[in-house]
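I have placed the structure first, in the form of structure tokens, so that the comments after it can refer back to it.
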2 protein chains.
Amino acid sequence: MINAIIVTNPGFEMLKVSLIIGAGILALVYAIFLSKIIMKESPGEKEMVDISKAIQEGAMAFLKREYLYLDITLFIIALFIIFFLDWTKALVFIFGALVAALTAWIGMSVSTRANSRCANLASKSFSRAFRVGFLSGAVISLTIVGVGILGIIFIWLITKNVEFLIFYAFGSSLVALFLRVGGGIYTKSADVGGDLVGKVEAGIPEDDPRNPAVIADAVGDNVGDVAGMGSDLFESYVSAVIAAMFLGMFISFDYGFLPLLLAAAGIICSIIGIFLVKIKEGENESFEIQTQKIRTAMNRGIIVANFLMIIFSFFIIHFFIGNLEVFFAVLAGVLAGVIIGWATVYFTSDKYPPVLSIAKSSESGSSTVIIEGLAQGLMSVVIPVIAIIAVIIIAYHYVGLFGIAIAGLGVLGVLGINLACGCYGPIVDNAAGIAQMRGMNKLVRSRCDALDAVGNSTAAMGRGFAAGSAVLVALAWFASYYEVAKIDVINIGDPKVIAGLFIGGLIVFLFSALIIKAVSRGAYYVVNEVRRQWKEIPGLMEGKARAEYVKCIDITTKESLKQMVAPGLLSVVVPVLVGIILGKEALGAVLVSSLVVGLLMALFMSNAGGAWDNAKKYIESGYFGGKGSLAHKAAVIGDTVGDPLKDASGPSLNILIKILGIVSLIIAPFL
Amino acid sequence: MINAIIVTNPGFEMLKVSLIIGAGILALVYAIFLSKIIMKESPGEKEMVDISKAIQEGAMAFLKREYLYLDITLFIIALFIIFFLDWTKALVFIFGALVAALTAWIGMSVSTRANSRCANLASKSFSRAFRVGFLSGAVISLTIVGVGILGIIFIWLITKNVEFLIFYAFGSSLVALFLRVGGGIYTKSADVGGDLVGKVEAGIPEDDPRNPAVIADAVGDNVGDVAGMGSDLFESYVSAVIAAMFLGMFISFDYGFLPLLLAAAGIICSIIGIFLVKIKEGENESFEIQTQKIRTAMNRGIIVANFLMIIFSFFIIHFFIGNLEVFFAVLAGVLAGVIIGWATVYFTSDKYPPVLSIAKSSESGSSTVIIEGLAQGLMSVVIPVIAIIAVIIIAYHYVGLFGIAIAGLGVLGVLGINLACGCYGPIVDNAAGIAQMRGMNKLVRSRCDALDAVGNSTAAMGRGFAAGSAVLVALAWFASYYEVAKIDVINIGDPKVIAGLFIGGLIVFLFSALIIKAVSRGAYYVVNEVRRQWKEIPGLMEGKARAEYVKCIDITTKESLKQMVAPGLLSVVVPVLVGIILGKEALGAVLVSSLVVGLLMALFMSNAGGAWDNAKKYIESGYFGGKGSLAHKAAVIGDTVGDPLKDASGPSLNILIKILGIVSLIIAPFL
């Protein structure tokens, strides 16, 4: 453990603050610059703009209603904070929520405008279409890191107290809860419900405009994958920085400030990496070559960004701290992030045995597809969890609890580029959908499919990455809780602690069950509404009348908000109850157990879902009988089962474990 | 905590020993008496006897080969024990294994002889058919408790040292590993493989004699549910007694002896309960009335047995210990057992919302069936886990760690009757299968179906019960480990302990994945063998030639043994490695984490599987379109997915967590 306190001088501090603010502003300026490039592209012919507009309006309608309820919740919690603590903390909390809500809003605006542009460009140039898709993702991710870091430094400069920053993170947690959990329920209700009533019941194809749920489904892609994943990682990002600052301040001021500097460096590295993600236009390229080119370009950007991050961290730590042991913690984090990413790709990409064996098992029917997917999903947790264990042991060995927090920052440092790749997925997915809906020509659709195929992998990687970073953030909150609650020891030999370990695992299972049930229920309402419209709107089924798309969006939004209440309350009420009834040690056990079980279940559900998805895509590309074969039908069932797991319950667990941590930290002084 | 040491006199001790031996002998005498009653019944016409014989021979062939490899493993481990400890412990270890292997052998002999008698009696009298099915289960369960307790007292009288008893339990663990894990893989390989190639590929009905895997499948029912569940609960039973004795001896000799007395009382209560399970013959009863009558009769027996157990425990504790606080621990255990049983019934019986909602969701296809089943399975863990938490807190509050062990005995005390109900399931399942294969008349088949329907519920209850008791046994091993390894504290704030918690959860996931994969692989070999026979044996498909049933049994046995190696090694090697590399505290964390995650996953998988099974049965009884409808097809897929979960991977976790515990305890002095 390090205890040396380094005295700082004001000039030195100014330099640091300027570096941090500079990096934040650079991210935003670059984001604005990129968005200008994107907006210059034509959104395409009128019909395409219409679809894009409908998705845009739906997405905004969703956000508006979410934010209404978010505001009410915000207000109630703020009252609690004022009553038990003080009004400044409540203000910071509200500020944190508003900032997070704003970035989600910006993200949705970008992604819903980029989709038609991407589809339109696909008719002209594959490389430019890719570029627009990827840069849109970059705009979203740069906004998140830029706004995130500027918000932190802003609060810091005003309060000069890390305790306030915790409320900034808490604000972002609340938004993540609404968008990731509520958004996850929304997107899968619309998706599953629309498919059930459209594909299964009426026998019309996917993305058919006669299906009133079709726009709700497209809205869902943005809601779940852009706003949901974005707010989740926004929370992880600011939490990782703040938790590391919090734990660092226990050592010295310089240690407390280091996380911000590393985050600033990460922004620069990400921007350089983003700059390198380009592909050359080719002629008559096959599907394989196209996807390979995109993969290579993205890998290039990610590898360079990570490599630079390692070098930058080394010099920053050497220069500002002078203790290279801290560097090893960061290094461990960076490497763990890379390993988790690769492991996710291995288990969810059709280039490797797991997905291929699921595809093969589809030949003997849907039950073997499900069984094989479950087995692969369970297996897929091994490498990422070992990576996390290694990080914990290495980081702690060198710098104690602070090391674990700073390792989390190693994982999240180059979020700028990682999230750009993650958000690229839903944008090109939407583009491919629009191309399909508009019946564009085969060349355009095959190009969009190539974009989409890679997008699927990057979305899967994003999920693995989100789960891995969430668990490190939750661990950092646990460490902070441990300090603040002044805990001597949490002894597993104590039955209350064992009870806590059981409760932690139990919440994860209950929470997952509630989310999956919520999707079923939401889908049920969508089915009923679609049936009603087909019955009551004359000429709809014949394609003569327009469906009431907004109605479907409205119902799904309402239902997803209602279904969010139980899991949301669970994540706030359980820590309070356990803390009061079983004591602070038991609550600590709940935190650790929930993050252990939460990571296992999140990876299991996300990877099983991702693998089923890509096994289906693999068959659709012509193997085992291709589209329409019995194998394909079996694989579609696997994909449908995986949908709520990978896009609703799995990622929601990230939010659960982080909220449990931050709520416990906030109530710690009272225990 | 209690520290008073009560001085005992030799006469008093003789009385106790006589009581214990008396109860054990009574169980065996009653079992012999009952088996005479059963054997007096006619096994039916020649064709039926032939089928029953084929199942018998197959089951014995399976056991023989299992025991061959078991002997080799036994020998190797015994050498280790001799090398590191001493030869007497090795001898006790071998004795424990032999005793456990013998009870499994007896159980299989009974169940494979009872099936045709039960089917044959169904043509004459419903009540007598039920009685034979139930009494056969009782013979098996009474043999287990009788032999179990006699073995313990035998070793005790020779060695007068509880440490030796741990090796007796270890021996039974090894048998449980072979029969529950190997048996689970076997039964589901044969079941899934046979269905895939028969029902799906060739389109012939289930239990069709032209399918060479049909006898292997019937053998599997006995192997998995009788030998597997029996050896699992034999292990739990002797482990619960021994762990409680071990922890009790730390307090005083009288405390150390109490568990044996309670077990003896439990045997008497079970016998009385078994005696009460009778139904009156009725005329023209509907399916509902028949199943209701059986349920009422079984509930009567179970409730009376539990009630008597509470009263007996009260007096035993009052008389021999004089500290009624111990009684509360037993009471908590008894009640928890009842609650876990009820919760399992609620989630897996078609009388309650969970199964009904799965059945309803089958109307919209197999994907919704799977999703709904997963959600219900996740949800089903809540009540049992809360019951376990309550037991831990209450038992510890009154009597410390010993309390937790003695509470485990509260759950397992009336194993005699609980396991009788559990083993009743596979016997009547076989009987129904034989009635089907022989094409017996409608009345007989409907009677067998009624017997089987209840058997399904009791099998599900048995699984919940096995999981709940396994976790209490594993906790008791953990407590013993804690004492023997002389651990001061296992602090969750220590990163090695956190690593241990991750590893514990990780093993559970990896172990489950290996078992599920093993079933897939085993099924694959069965499919190939069946295809080969159809191709190479002329006239087989036309029903003119006899299939080589033994070949299928042989291949499945070999494959299940091979596939057992990896999970088996995992459960022995991981504690040793963690203990050496990360230390004894981290190993303690692994134990607790694995039992927490193991319980959650075991309940999830068992209950989801049980619920799918009964949802299918419910539809087959005529709802949602009945047999052959689209809803039925969807429900069949749910059932097939659930099969390996509920009969292979789920129950195998019981073995995993118990073996981890006992291996850790044995290596504890070296850490």
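The values are calculated or read from the model by the stated rules, or taken from the named source; none is laboratory data. Source: prediction; values computed, not measured. Heads up, the Cβs are rebuilt from the backbone with ideal geometry, glycines too, and the neighbour counts pull from every protein chain shown. When the accessible area is computed, the model is the full protein with side chains, heavy atoms only, and any ligands, DNA or RNA have been set aside. Shrake-Rupley method; radii C 1.70, N 1.55, O 1.52, S 1.80 Å.
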Compute the label-point distances linking B:Glu281 to its equivalents in the other copies; points lie 7 Å from Cα along Cα→Cβ; give nm, one decimal, shortest first.
9.1
Calculated on alpha-carbon atoms, Rg and Dmax of the protein assembly as shown in Å:
31.5, 101
Report ³J(HN,Hα) in whole Hz for each residue of segment B:404-417, in order, from the Karplus equation J = 6.51 cos²θ - 1.76 cosθ + 1.60 where θ = phi - 60°; Gly and Pro get x.
5, 5, 6, 5, x, 6, x, 5, 8, x, 9, 3, x, 7
Quick one: label points 7 angstrom along Cα→Cβ at A:Phe307, distances to the other copies in nm, smallest first?
7.8
Surface accessible to a 1.4 Å probe, A:Trp87 within the full protein complex, Å²:
150 Å²
Debye equation applied to the C-alpha atoms of segment A:119-250, log10 I(q)/I(0) at 0.12, 0.16 Å⁻¹
-0.65, -0.90
At 1.4 Å probe size, what's the solvent-accessible area of B:Tyr549? Round to the nearest 10 Å².
30 Å²
Using a 1.4 angstrom probe on the protein heavy atoms only, line up A:Glu201, A:Glu285 by accessible area, largest first.
A:Glu201, A:Glu285
Between A:Ser629 and A:Ser123, what is the label-to-label distance in nm when each label sits 7 Å out along the Cα-to-Cβ direction?
3.4 nm
Students often forget the sequence filter, so: which aspartates and glutamates lie under 20 Å Cα-Cα from A:Lys558 once same-chain residues fewer than 8 apart are removed?
A:Glu57, A:Glu66, A:Asp71, A:Asp191, A:Asp195, A:Asp217, A:Asp221, A:Asp225, A:Glu529, A:Glu548, A:Asp647
For B:Lys89, A:Lys535, A:Lys16, A:Lys633, what's the largest-to-smallest order of accessible area, 1.4 Å probe?
A:Lys535, A:Lys633, B:Lys89, A:Lys16
Can you work out the FRET efficiency for the pair B:Ile72 and B:Glu206, with r the C-beta to C-beta distance and R0 = 60 Å, to the nearest 0.05?
0.95
Read phi for every residue in segment B:155-169 and hand back ³J(HN,Hα) as whole Hz from Karplus 6.51 cos²θ - 1.76 cosθ + 1.60, θ = phi - 60°, with x for Gly and Pro.
4, 4, 5, 6, 9, 6, 8, 5, 4, 5, 4, 4, 6, 4, 5
Hey, what does the equivalent ellipsoid look like for segment A:390-526, semi-axes from the Cα gyration tensor as sqrt of 5 times each eigenvalue, largest first, whole Å?
41, 23, 10
Distance check, please: which entries in B:Lys584/B:Lys658; B:Lys517/B:Lys627; B:Lys496/B:Lys584 exceed 21 angstrom between their Cα atoms?
B:Lys517/B:Lys627
Along Cα→Cβ at 7 Å, what distances in nm separate the A:Pro353 label point from those on the other copies, shortest first?
4.4
Would you mind telling me the share, in percent, of accessible area of the protein assembly as shown contributed by carbon and sulfur at probe 1.4 angstrom?
65 percent
How much solvent-accessible surface does A:Arg128 expose, in Å² to the nearest 10, with a 1.4 Å probe and all protein chains in place?
110 Å²
Cα-Cα over 25 Å: which of B:Lys442/B:Lys617; A:Lys124/A:Lys280; A:Lys64/A:Lys535; B:Lys351/B:Lys646; A:Lys124/A:Lys293; A:Lys544/A:Lys616?
A:Lys64/A:Lys535; A:Lys544/A:Lys616
Using Cα centres only, tell me the gap between segment A:59-137 and segment B:41-78 in whole Å.
65 Å
Separation of the B:Glu163 and A:Met14 label points, Cα + 7 Å toward Cβ, nm
7.3 nm
Calculated from backbone phi, Karplus (6.51, -1.76, 1.60) coupling profile of segment A:609-624 in Hz, x at Gly/Pro
x, x, 5, 4, 4, 6, 5, 4, 4, 4, 5, 5, 7, x, 8, 6
Expected output is a single nm value to one decimal: the length gained when fully extending between B:Arg531 and B:Lys36, i.e. 0.36 nm times separation in residues minus the C-alpha distance. What is it?
174.0 nm
Residues of B:420-426, mean number of Cβ from any other protein chain within 10 Å of their own Cβ, rounded to a whole number?
0
Along Cα→Cβ, 7 Å out, is where each label goes; now give me the distance between the ones at B:Glu325 and B:Lys562 in nm to one decimal.
5.7 nm
Rank these residues by their accessible area, most exposed first, probe 1.4 Å: B:Glu235, B:Glu57.
B:Glu57, B:Glu235
So how tilted is helix A:287-320 from the main axis of chain A? Cα-based, degrees 0 to 90, rounded to 10.
10 degrees
Quick one: compute a quarter of the convex hull surface over the Cα atoms of segment A:377-452 and quote it in nm².
7.3 nm²
In whole angstrom, the spacing between the Cα centers of segment B:174-214 and segment B:285-319 equals 34 Å
